[in-house]
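S.K.: Below you'll find the structure I mean.
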Amino acid sequence: MLDVKNLIKEIDYLYDYGETEYDKSLSYLEDLDFIKDKDGRAVITKKWIDFSGKVTREDFISSLVCSYPILLDYLLWKVYHEAYAIGQSGDGKSLFEFIDHIPKFADRILLIREKNMLETEEIKAFCRAIFNGYPEYRTMLTRLKFIQLAEEVEDTEVEQIGKTPNDIWIKERKVSSNIELVPLKEKNIYTLTPYIYNDFEVTEDIKEILSHSWKTFMVILGMVISEYKAEGLNGISLRPKDKSNPYSEQSLETFIYDDKGKENKIGNLKDFVKHFCDKNHIYLFPNESPDVDTILFDLMDSRQFTYKDGEYVLNSSFDDRLYSSEGIIIKNRARKFKTMLKDYIEELRMTL
């Protein structure tokens with residue numbers, strides 16, 4: 001019998017880290033195109049990511065568990081017979097609600113409605129885990145409606161994660177948008193999450209940045225800001241929404257300058273990052289904006305960013321270190337990614 005608790009644990013882990021050692025209990029998710037088996041690793045797909053942006057974490061995980069074929073057939077069979085009984089009682093409104101909730105399952109229901117499905121021990125184990133015991137009609141109907149929100153999305157191939165930002169932050173990479181994940185002792189092969197950086201020997205503060213995906217992102221964005229200023233230009237500016245309290249964590253605003261030097265507010269920093277990732281085929285899981293505002297204030301606390309002349313920029317002493325031999329991994333081995341960021345900013349500048 002399937003270990004239901006372990007299955008839920010595996011899906012929960014995949015929700016955070018996007019990749020795990022392949023377990024045969026996950027094979028049905030591969031059949032449904034939610035994961036791929038790559039070199040013995042279960043790796044989430046774009047279909048998984050797309051679905052993750054439509055429902056809460058709890059609804060996502062329970063929906064994937066309810067998609068287990070044996071359980072799904074049982075739920076469809078049970079909800080059909082309960083809806084049939086409702087229809088016999090003359091409650092037309094509830095019957096219409098049933099039909100409205102299961103359009104994608106209509107053919108499957110027709111195939112299984114005459115079967116005699118038993119509540120096996122395996123089914124009971126699922127129901128205890130997902131429905132806290134007995135599955136009520138309306139709860140089942142809601143769960144089935146959520147499952148149908150998943151759409152077919154073609155997945156793409158991506159290179160294995162390398163040792164430097166240039167080989168990590170590339171197009172088609174799947175990146176965790178959760179900034180609070182515990183760093184992995186050994187990095188994933190395909191999906192990017194925080195991990196303890198040991199690829200090259202670097203100082204502890206540089207290691208801390210390279211170990212955290214979004215700290216790396218923000219530091220390289222800070223380098224782009226510095227390089228614009230070194231060229232005598234204002235390209236992009238990050239500013240506090242509450243200018244009277246710039247050192248308190250808050251939502252940050254993004255300004256882009258056109259070719260005439262006129263500033264244009266384009267929205268908040270989180271949306272800027274999300275749009276950059278979408279534009280460059282970097283897929284965030286779950287499909288939502290990362291809390292990069294929090295990351296920037298963390299970098300302020302560690303004196304790598306500072307607030308100067310009304311905007312957030314790299315601390316000058318840290319900026320100098322990045323361009324010395326001490327910061328060579330970021331200075332020389334992040335140029336491609338930095339160019340990707342700058343090209344996106346330039347595209348925004350040209351369209352203003």
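The values are calculated or read from the model by the stated rules, or taken from the named source; none is laboratory data. Everything numeric here is computed off the predicted structure, so don't read it as measured data. Reconstructed Cβ throughout: ideal geometry from the backbone, glycine too, with neighbour counts over all protein chains shown.
The rows are residues; the columns are (1) under 20 Å from GLN148 (Cβ atoms); (2) at pLDDT below 95.
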{"position": "ILE11", "(1), (2)": "yes, no"}
{"position": "TYR17", "(1), (2)": "no, no"}
{"position": "LYS36", "(1), (2)": "no, no"}
{"position": "CYS66", "(1), (2)": "yes, no"}
{"position": "LEU71", "(1), (2)": "yes, no"}
{"position": "LYS93", "(1), (2)": "no, yes"}
{"position": "ILE102", "(1), (2)": "yes, yes"}
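S.K.: Under 8 Å by Cβ, and 6 or more places apart or on different chains, what pairs join a residue from segment 295-311 that is more than 17 Å from LYS207 (Cβ to Cβ) with one that is in a loop (DSSP other than H, G, I, E, B)?
M.R.: Pairs found: PHE297/GLU249; MET300/TYR247; PHE305/ASN315; THR306/ASN315; TYR307/PRO246; TYR307/TYR247; GLY310/LYS243.
S.K.: Filtering segment 308-328 down to residues that are of a type in the set (Phe, Trp, Tyr) and not in a helix (DSSP H, G or I), which residue is farthest from the chain's Cα centre (by Cα)?
M.R.: If we filter segment 308-328 for residues that are of a type in the set (Phe, Trp, Tyr), which is where we start, we get 312, 318, 323.
Restricting the remaining residues to those that are not in a helix (DSSP H, G or I) gives 312, 323.
On the way: TYR312: 26, TYR323: 31 Å.
In this case the residue turns out to be TYR323.
S.K.: Looking at ASP39, is it under 30 Å from LEU192 (Cβ atoms), exposed (fewer than 14 other Cβ atoms within 10 Å of the Cβ), touching a residue at least 24 places away in the same chain (Cβ under 8 Å) and not assigned by TED's automatic domain parsing to the domain that holds LEU184?
M.R.: Numbers: under 30 Å from LEU192 (Cβ atoms): yes; exposed (fewer than 14 other Cβ atoms within 10 Å of the Cβ): yes; touching a residue at least 24 places away in the same chain (Cβ under 8 Å): yes; not assigned by TED's automatic domain parsing to the domain that holds LEU184: yes.
Spelling it out, ASP39 is indeed under 30 Å from LEU192 (Cβ atoms), exposed (fewer than 14 other Cβ atoms within 10 Å of the Cβ), touching a residue at least 24 places away in the same chain (Cβ under 8 Å) and not assigned by TED's automatic domain parsing to the domain that holds LEU184.
S.K.: Condition first: among the basic types (Lys, Arg) and surrounded by 19 or more Cβ atoms within 10 Å (Cβ to Cβ). Now tell me which residues in segment 158-197 satisfy that.
M.R.: Across segment 158-197, the qualifying residues are ARG173, LYS174, LYS187.
S.K.: If you don't mind, there's one more thing I want to ask. Return the residues of segment 221-241 that are over 28 Å from the mean Cα position of the chain (by Cα) and more than 18 Å from LEU341 (Cβ to Cβ); say none if nothing qualifies.
M.R.: GLY232, the sole residue that qualifies.
S.K.: Specify the residue that is nearest to VAL43 (Cα to Cα); the eligible residues are those in segment 131-157 that are of a type in the set (A, V, I, L, M) and crowded, with 19+ Cβ neighbours inside 10 Å. Can you show your working first?
M.R.: Initially, segment 131-157 is screened for residues of a type in the set (A, V, I, L, M), giving 140-141, 144, 147, 149-150, 153.
With the extra rule that they be crowded, with 19+ Cβ neighbours inside 10 Å, the set shrinks to 140-141, 144, 147, 150.
Numbers: MET140: 28, LEU141: 29, LEU144: 25, ILE147: 20, ALA150: 17 Å.
By that ranking, first place goes to ALA150.
S.K.: Another question, then. Looking at this structure, is PHE305 assigned by TED's automatic domain parsing to the domain that holds GLU231, modelled with pLDDT of 95 or more and under 23 Å from the mean Cα position of the chain (by Cα)?
M.R.: Working: assigned by TED's automatic domain parsing to the domain that holds GLU231: yes; modelled with pLDDT of 95 or more: yes; under 23 Å from the mean Cα position of the chain (by Cα): no.
So PHE305 does not fit the description; no.
S.K.: Hey, another quick one. Give all pairs with beta carbons closer than 6 Å in which a residue from segment 65-84 that is acidic (Asp, Glu) meets a residue that is modelled with pLDDT under 95; count only pairs at least 6 apart in sequence or on separate chains.
M.R.: ASP73/ILE112; GLU82/TYR137
S.K.: When you scan segment 67-115 for helices (runs of 4 or more DSSP H) that lie fully inside it, which ones turn up with 3 or more residues that are of a type in the set (Asp, Glu) and either touching a Pro at 6+ places or on another chain (Cβ under 9 Å) or surrounded by fewer than 13 Cβ atoms within 10 Å (Cβ to Cβ) (or both)? Steps first, answer last, please.
M.R.: Numbers: elements: 69-88, 92-101, 106-112.
By residue number, no helices (runs of 4 or more DSSP H) qualify.
S.K.: Output yes when any residue across segment 32-51 is part of a helix (DSSP H, G or I), among the acidic types (Asp, Glu) and touching a Lys or Arg at 6+ places or on another chain (Cβ under 9 Å), and no when none is.
M.R.: Within segment 32-51, the first condition is being part of a helix (DSSP H, G or I), and the residues that meet it are 46-51.
With the extra rule that they be among the acidic types (Asp, Glu), the set shrinks to 50.
Keeping just the survivors that are touching a Lys or Arg at 6+ places or on another chain (Cβ under 9 Å) gives none.
Within segment 32-51, none of the residues are part of a helix (DSSP H, G or I), among the acidic types (Asp, Glu) and touching a Lys or Arg at 6+ places or on another chain (Cβ under 9 Å).
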